[in-house]
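The values are calculated or read from the model by the stated rules, or taken from the named source; none is laboratory data. What you see is a predicted model; the values in this text were computed from it and never measured. Positions of Cβ are generated from backbone atoms using ideal geometry, with glycine treated the same way; all protein chains shown enter the neighbour counts.
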Amino acid sequence: MAKKIFPILLILIFSEVSYTQLKYSNLGDFHLENGDIIEKCFVAYRTFGALNEDKSNAILFPTWFAGTSEHLINHIGKGKMADSTKYFVIAVDALGNGVSSSPSNSPGQPNEYFPEFTIHDMIESQYQMLKKEFKFESIYGIIGGSQGGMQVFEWVTSYPDFIKKAVAYVASPKLTFYDKLLWQTELDIIELGLAGGCHDSIIVKAVSSLQTSHIRTIKYYNTKYSPDDFTNFIAGTYKTYKNLFNSYNWASQLKAMLQHDVYKKFNYSKEAAAKVFKGDLFIIVGTDDMMVNPAPAIEFAELSGAKLFILENDCGHLSPGCEMIRFVGEVNMFFEVRK
């Protein structure tokens with residue numbers, strides 16, 4: 001029987017899950033970067049731990065691509081990525097993930113009628129939620145991985161005075177050519193499938209195989225699995241993705257990533273973008289990440305003077321999971337040090 005991995009972006013381990021109540025912040029008609037409007041927009045979130053009296057211990061934890069706040073629960077708690085015994089952790093669902101406003105749950109703009117949004121729109125909706133629900137003037141920290149880390153890069157360059165400490169792992173300030181090639185191919189598969197009248201259960205077969213082929217390294221797969229494992233492995237992969245795949249949601253977040261570029265609001269000056277954040281930034285990358293190339297994040301760290309942690313293993317985009325104790329230790333230590 002094939003060894004199993006959980007082939008979803010940054011879902012590293014699921015066990016001992018304890019649920020907290022999902023809350024919603026209603027933002028009304030939400031104006032997007034492109035001038036369109038998400039009607040009756042809402043942002044979903046969960047909170048963990050206690051907010052201290054002066055509101056100085058809040059940490060925002062945005063979701064990764066296709067992930068939900070439910071998926072973040074196992075990474076929140078004592079000694080975990082976001083320690084809710086020390087911090088007030090807000091796990092927030094990004095636009096398009098099927099929990100916050102998305103093509104699949106919009107009553108007035110369903111599916112193909114849902115407007116196109118960006119990573120910046122994701123963080124703007126979160127900013128409005130934080131101001132409305134908690135009246136924050138600033139928060140202590142933010143942590144995010146993959147697309148969640150792209151949101152971190154957008155946060156620190158869009159609201160540089162709002163956050164004191166930021167962690168972006170296996171993420172990028174701007175996609176490389178090869179990154180775009182992967183995400184565009186996934187988008188093309190979805191759009192071709194929808195145009196041909198295919199059901200999501202068919203479209204997801206191609207999408208899940210493509211994504212799985214990039215989430216780990218070639219060496220990892222060929223070392224951990226034999227050709228005889230393939231049939232069971234790919235069946236397990238398909239089953240996992242099938243449970244969370246929605247073509248319109250998936251496509252909406254793919255389009256957001258394909259436009260992602262924190263430099264454009266600085267007239268494409270990398271130096272200007274990298275210097276705007278005055279807080280502490282921690283960037284974590286995997287050397288052989290085939291899903292989100294580490295080079296732009298490394299360059300951003302060099303330009304900004306951010307702390308850089310490079311994971312050198314064969315796990316590719318899921319490199320933090322293969323060194324979880326070390327990874328979490330580094331993150332915890334970063335948040336502990338206060339200026």
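How many of the residues in region 186-209 are surrounded by fewer than 14 Cβ atoms within 10 Å (Cβ to Cβ) and either under 26 Å from Pro294 (Cα atoms) or in contact with a Pro (Cβ under 7 Å, 6 or more places away or on another chain) (or both)?
Total satisfying the criteria: 1.
For every residue, the table says whether it meets (1) under 27 Å from Tyr220 (Cβ atoms); (2) in a helix (DSSP H, G or I); (3) of a type in the set (Ser, Thr, Tyr); (4) modelled with pLDDT under 95.
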{"position": "Ile11", "(1), (2), (3), (4)": "yes, no, no, yes"}
{"position": "Thr20", "(1), (2), (3), (4)": "no, no, yes, yes"}
{"position": "Gly35", "(1), (2), (3), (4)": "no, no, no, no"}
{"position": "Glu39", "(1), (2), (3), (4)": "no, no, no, no"}
{"position": "Gly67", "(1), (2), (3), (4)": "yes, no, no, no"}
{"position": "Ile73", "(1), (2), (3), (4)": "yes, yes, no, no"}
{"position": "Lys86", "(1), (2), (3), (4)": "no, no, no, no"}
{"position": "Val89", "(1), (2), (3), (4)": "no, no, no, no"}
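Out of Asn222, Asn267, Asn243, report the one residue that is in the same structural domain as Ile123 (by TED's automatic domain parsing) and over 30 Å from Phe334 (Cα atoms).
Asn267
Do you know which residues across region 215-232 are buried (at least 20 other Cβ atoms within 10 Å of the Cβ) and not basic (Lys, Arg)?
Ile215, Thr217
Could you list all residues from region 160-185 that are buried (at least 18 other Cβ atoms within 10 Å of the Cβ) and part of a loop (DSSP other than H, G, I, E, B)?
Phe162, Val170, Ala171, Ser172, Pro173, Leu175 - these are the residues of region 160-185 that are buried (at least 18 other Cβ atoms within 10 Å of the Cβ) and part of a loop (DSSP other than H, G, I, E, B).
Within region 238-261, can one find any residue that is over 27 Å from Thr217 (Cα atoms), out of contact with any Cys (no Cβ under 7 Å at 6 or more places or on another chain) and surrounded by 23 or more Cβ atoms within 10 Å (Cβ to Cβ)?
no
Could you check region 194-227 and list, in sequence order, the residues that are touching a residue at least 60 places away in the same chain (Cβ under 8 Å), part of a helix (DSSP H, G or I) and β-branched (Val, Ile, Thr)?
Once the filter is applied, which keeps residues that are touching a residue at least 60 places away in the same chain (Cβ under 8 Å), part of a helix (DSSP H, G or I) and β-branched (Val, Ile, Thr), region 194-227 yields Thr212, Ile215, Thr223.
Are any of the residues in region 292-314 surrounded by fewer than 22 Cβ atoms within 10 Å (Cβ to Cβ) and touching a Cys at 6+ places or on another chain (Cβ under 7 Å)?
Yes; the residues of region 292-314 include at least one that is surrounded by fewer than 22 Cβ atoms within 10 Å (Cβ to Cβ) and touching a Cys at 6+ places or on another chain (Cβ under 7 Å).
Any residue in region 58-76 that's buried (at least 24 other Cβ atoms within 10 Å of the Cβ): show its pairings with residues that are among the charged types (D, E, K, R) at Cβ separation under 6 Å, as long as the two are six or more apart or on different chains.
Here the result reads Thr63/Asp93; Ser69/Arg46; Ser69/Asp93, each pair linking region 58-76 to a residue that is among the charged types (D, E, K, R).
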